[in-house]
Amino acid sequence: MSDAFTGTRDVKDAHRFDEAALEAWMRKHVEGFEGPMTVAQFKGGQSNPTYRIATPGQAYVLRRKPPGKLLKSAHAVDREYRIISALHPLGFPVAKPFGLCEDESVIGTMFYVMACVEGRIYWDQTLPDLQPDERRAIFHAQCDTLAALHRVDWKAAGLEGYGKEGDYVARQIHRWSGQYRASETEKLPKMDALIEWLPQNIPPGETTTIVHGDYRLDNMILHPSEPRVLAVLDWELSTLGDPLADFTYHLMSWFLPATHTGNAIRDIQDLNAHGIPTVEDYVARYCEKTGRSGLPEYDYYLAYNGFRLAAILQGIAGRVRDGTAASDQARAMAARVPALVDFAHGFAVKAGL
């Protein structure tokens, strides 16, 4: 775990709010709430400020829109609340939701309250402090949980309209191609080839499920001692979409270098000895859990996800160019674009480019 991202701190000045107003709202709207309460802010780098609300009897988590001028569709905490409210009654591992407040007069922005789930969050996906059997069990739990999400009957769960049904990959390619072109800083012929080839070669038979959008080890809370996922976090990018796009995005962890992830599965020479499944074994387990006979679209989807990630980082490069993201970190992220394009193009070639 990283001390920079785990635990809490005093609330940042920019994120302070009227705690008495919140306590009054909690007494009225959160079943079983009893004060007094104290407020601390989680260190993690969420785009939506997140707080721990402690009382003598129970701890809660509050997620809110950040203050200030925001993009219209960004920071949709009401969507996060909707998805966990749909999943929690089904037994899927999310925190218990307690209430959504759309009245901005209470603390300044929309927010929701859920239970505080106590457990382990691992920022280093190679799990260096654990034994091989423990690592393997955690990776299996991680895979099984995503497979379970993709098996949820989203219509029966009341999630009609949570996203558009069908053509998810086509819409994503169109969106990120436009973003890439708008922020392009150098000519990359392989990216041009991907932008032309990807929309013309989308595998047929796309299905629609709930997709998390950013499923990875540090976005879940594990049981304090068991290899069991207690809560999947950060549903900000969730929607209805293609489960194979979601799963293969998750698989990028096996391929990305340490410069991107901070710790690289791909640098481990013997995954089986280390206790982490090979990507082939992980794919086989996911297919077994979702009733698939295999994943023949594997190369295409890895090309797509490499392209998508390159386009996202190119957007950061564009902001560096325009002087709106002139930090060393932004420049470092922008510098990764050519390698991601090479990665994506390599899988596209395997898929028939």
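The values are calculated or read from the model by the stated rules, or taken from the named source; none is laboratory data. Fair warning: this is a prediction, and the values are worked out from it, not measured in the lab. Reconstructed Cβ throughout: ideal geometry from the backbone, glycine too, with neighbour counts over all protein chains shown.
So which of G99, G57 is modelled with pLDDT of 95 or more and in contact with a Phe, Trp or Tyr (Cβ under 9 Å, 6 or more places away or on another chain)?
G99
Please report, ordered by residue number, the helices (runs of 4 or more DSSP H) entirely within region 128-217 with at least 1 residues that are acidic (D, E) and touching a helix residue (DSSP H, G or I) at 6+ places or on another chain (Cβ under 8 Å).
132-151
Farther than 30 Å from A86 by Cα, in contact (Cβ under 8 Å) with a residue 24 or more places away in the chain and out of contact with any Pro (no Cβ under 8 Å at 6 or more places or on another chain), is that true of L194?
Here the answer is yes, as L194 does meet what is asked.
Output the residues belonging to region 151-184 that are closer than 12 Å to I195 by Cβ and not charged (D, E, K, R).
I173, H174, W176, S177, G178, Q179, Y180, listed by residue number.
Against the condition of a type outside the set (V, I, T), modelled with pLDDT under 95 and either within 29 Å of P203 (Cα to Cα) or not assigned by TED's automatic domain parsing to the domain that holds T185 (or both), how does R331 come out, does it pass?
no
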